[in-house]
Amino acid sequence: MQCRQSNGTRVLVVEDECMVRLDAAETLRDAGYEVVEAADADEALLVLDLDRDQEIELVFTDINMPGAMNGLDLVWRIREQRPTVRLVLTSGAIRPLLTDLPDRGAFIAKPYSPESMTRAVDRMFA
């Protein structure tokens, strides 16, 4: 994948599988995004809470995660607290209905290629 200059757009990647999270974060960095990582929904909410300048513009999250909240619960909570944040969900086990996704939410199935992931995120800013 071609490395681009940073566009300054901050993305939060939420994924409990460490290697998948690292690959997703690196893919988005290579595409020019600034990336913050979280291992689960609780950590993601903490990161967003600490993001006082509200620089995180998109959350890319897995649906299946351990803990009290899955990715769907997380994006609905984010929509309530930060309505302008764009949301991209992913899963290899679940394919949510359009009605399961909040406004400005999208879904990409696993396994995804780096190119399809980048296109999905880029589309959210188009």
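Read the figures in this text as sums done on the coordinates, not as results from a lab. Note that the structure is predicted; figures quoted are calculated from it, not measured. No Cβ is skipped: glycine too gets one built from the backbone with ideal geometry, and neighbour counts run over all protein chains shown.
Can you tell me the relative contact order of region 27-126? Whole percent, Cα pairs under 8 Å, sequence separation 6 or more.
Contact order relative to length: 23 percent.
With springs only between Cα atoms under 10 Å, which of D49, D16, D30 fluctuates most in a Gaussian network model of the chain?
With Cα springs under 10 Å in the chain, the top fluctuation among D49, D16, D30 is at D49.
What is the calculated FRET efficiency for Y112 to C18, with r their C-beta to C-beta distance and R₀ = 25 Å, to the nearest 0.05?
On the way: r = 17 Å, r/R0 = 0.69.
Given R0 = 25 Å and the Cβ-Cβ separation, E is 0.90.
Which value in nm describes the separation of the simple spin-label points at R95 and E80, placed 7 Å from the Cα toward the beta carbon?
It is 3.0 nm.
Run the helix sum for the chain: -39,500 (n - 2.57) per DSSP H stretch of 4+ residues, divided by residue count, reported at 222 nm to the nearest 500 deg cm²/dmol.
Working: 4 runs with 45 residues, N = 126.
The per-residue figure over the chain is -11000 deg cm²/dmol.
Quick one: if you stick a label point 7 Å off each Cα along the C-beta vector at Q54 and R123, how many nm between them?
With each label placed 7 Å out from Cα toward Cβ, I get 2.6 nm.
Provide the three semi-axes, in whole Å and in decreasing order, of the ellipsoid equivalent to region 1-76 as defined by the square roots of 5 times the Cα gyration tensor eigenvalues.
Over the Cα atoms of region 1-76, the ellipsoid semi-axes are 21, 15, 8 Å.
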